[in-house]
Amino acid sequence: MLRLLTASLCLIACNASALTVRLCTFDRPFAPYTMPDGSGQTQELLRRAAKGGDIKIENTFAPRARCLAQLEHGETDALIAAYAPERVGYGVIPMQGAQPDDSYALAITRFMVYRRSGSAVQWNGKQFKGLGPQPVGVQAGFIHGPLLRKLGVAVDDGAKSADQNLSKLAFDRLSAAIAQEAEAGFYISQAYKGRIEALPTPFHLTPLFLMVNRSFYNRNRAAIDAYWQAIRTTRQTPEYQTYLRQWR
């Protein structure tokens, strides 16, 4: 009985001392990585890595651009995001020198270039050829808009989902679209089969990190560093790798 009481008191104390991390997540499906119902791969990884009890995730959901704005202004503590130089002022991820440390990534996803089937658009990994007068579509709040602008490409970043961009592309409102491979593949199979195709060379291999508000990180450095390490360790476990295979 005494041991049971001691264990219960320890559990209460551990939960009381856990650091609450307010996580803002994209309110639209970004399969298979995040889902509004919390069933995405990276959301599962965050839960498994937090099982030690030192981190408690408090989930909120909002449009992508709003999550970024909330992180910048300290209205949320973290989000699942890609590294971008313009985010360094307010967001922290694990770094190796001046570069992101991909070994801490929640996942690495491929963003492909999509065109109307048979169009002249080409992408060789460095530059586009055959773009028409319409812009290239990317989702609002994604890092691929700034990457395209650096290439001198006109960008339409008003869409809230990959499906919206694929619809614009199908109806000749875009020259091409950049979208996450698995997500775009699903939408194409459902509504655009034979009308839209992916080019073979990825536009960008995009690691996804748990990005933390800089001020929040400075106040809780040890706990966040330990959580990042738990994420890296958990991602490589046989149990999590078995879980990932269920999605394939």
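The values are calculated or read from the model by the stated rules, or taken from the named source; none is laboratory data. Bear in mind that the values here come from a model prediction, so they are computed numbers and not experimental data. Cβ: placed from backbone, ideal geometry, glycine included. Neighbour counts: every protein chain shown. Calculation scope for accessible area: heavy atoms of the full protein, side chains included, ligands and nucleic acids excluded. Shrake-Rupley method; radii C 1.70, N 1.55, O 1.52, S 1.80 Å.
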**Message:** When the residues of region 18-28 are narrowed to those that are in contact with a Ser or Thr (Cβ under 8 Å, 6 or more places away or on another chain) and either more than 14 Å from Arg47 (Cβ to Cβ) or not polar (S, T, N, Q) (or both), which ends up modelled with the lowest pLDDT?
**Reply:** Arg28
**Prompt:** Does Ser189 satisfy the condition of being more than 18 Å from Phe30 (Cβ to Cβ) and among the hydroxyl-bearing types (Ser, Thr, Tyr)?
**Reply:** no
**Prompt:** What strands (runs of 3 or more DSSP E), lying completely within region 7-108, carry at least 1 residues that are in contact (Cβ under 8 Å) with a residue 40 or more places away in the chain and of a type outside the set (A, V, I, L, M, F, W, C)?
**Reply:** 19-26, 55-62
**Request:** Note down all Cβ pairs under 7 Å where the first residue falls in region 209-222 and is at negative phi and assigned to a helix (DSSP H, G or I), the second is hydroxyl-bearing (Ser, Thr, Tyr) and at pLDDT 95 or above, and they're at least six residues apart or on different chains.
**Result:** Arg214/Tyr90
**Fill in**
Residue hits (region 149-176; hydrophobic (A, V, I, L, M, F, W, C) and under 18 Å from the mean Cα position of the chain (by Cα)) are Ala159, Ala162
**Asked** If you go through region 122-142 one residue at a time, how many are touching a Lys or Arg at 6+ places or on another chain (Cβ under 9 Å) and either of a type in the set (S, T, N, Q) or surrounded by fewer than 19 Cβ atoms within 10 Å (Cβ to Cβ) (or both)?
**Response** 6
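Taking Asp163 as the residue in question, decide whether it is more than 28 Å from Tyr217 (Cβ to Cβ), in contact with a helix residue (DSSP H, G or I) (Cβ under 8 Å, 6 or more places away or on another chain) and among the acidic types (Asp, Glu).
yes
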**Asked** Could you list, in sequence order, the residues of region 109-121 that are part of a loop (DSSP other than H, G, I, E, B), touching a residue at least 60 places away in the same chain (Cβ under 8 Å) and surrounded by 14 or more Cβ atoms within 10 Å (Cβ to Cβ)?
**Response** Val121
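Can you work out which of the residues in region 145-155 that are open to solvent by less than 40 Å² (accessible area, probe 1.4 Å) and out of contact with any helix residue (DSSP H, G or I) (no Cβ under 7 Å at 6 or more places or on another chain) is farthest from Pro133 (Cα to Cα)?
To start, the set of residues in region 145-155 that are open to solvent by less than 40 Å² (accessible area, probe 1.4 Å) comprises 145, 148, 153, 155.
Keeping just the survivors that are out of contact with any helix residue (DSSP H, G or I) (no Cβ under 7 Å at 6 or more places or on another chain) gives 145, 148, 153.
On the way: Gly145: 17, Leu148: 15, Val153: 10 Å.
Once the filter is applied, the top-ranked residue is Gly145.
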**Asked** From the list Pro100, Pro135, Pro85, which residue is modelled with pLDDT under 95 and not hydroxyl-bearing (Ser, Thr, Tyr)?
**Response** Pro85
**Prompt:** Checking Ala107 against (1) within 21 Å of Ser39 (Cα to Cα); (2) hydrophobic (A, V, I, L, M, F, W, C); (3) at pLDDT below 95, which single condition isn't satisfied?
**Reply:** (3)
**Request:** Would you point out which residue out of Gln246, Gln229 is open to solvent by 40 Å² or more (accessible area, probe 1.4 Å), at pLDDT below 95 and not β-branched (Val, Ile, Thr)?
**Result:** Gln246
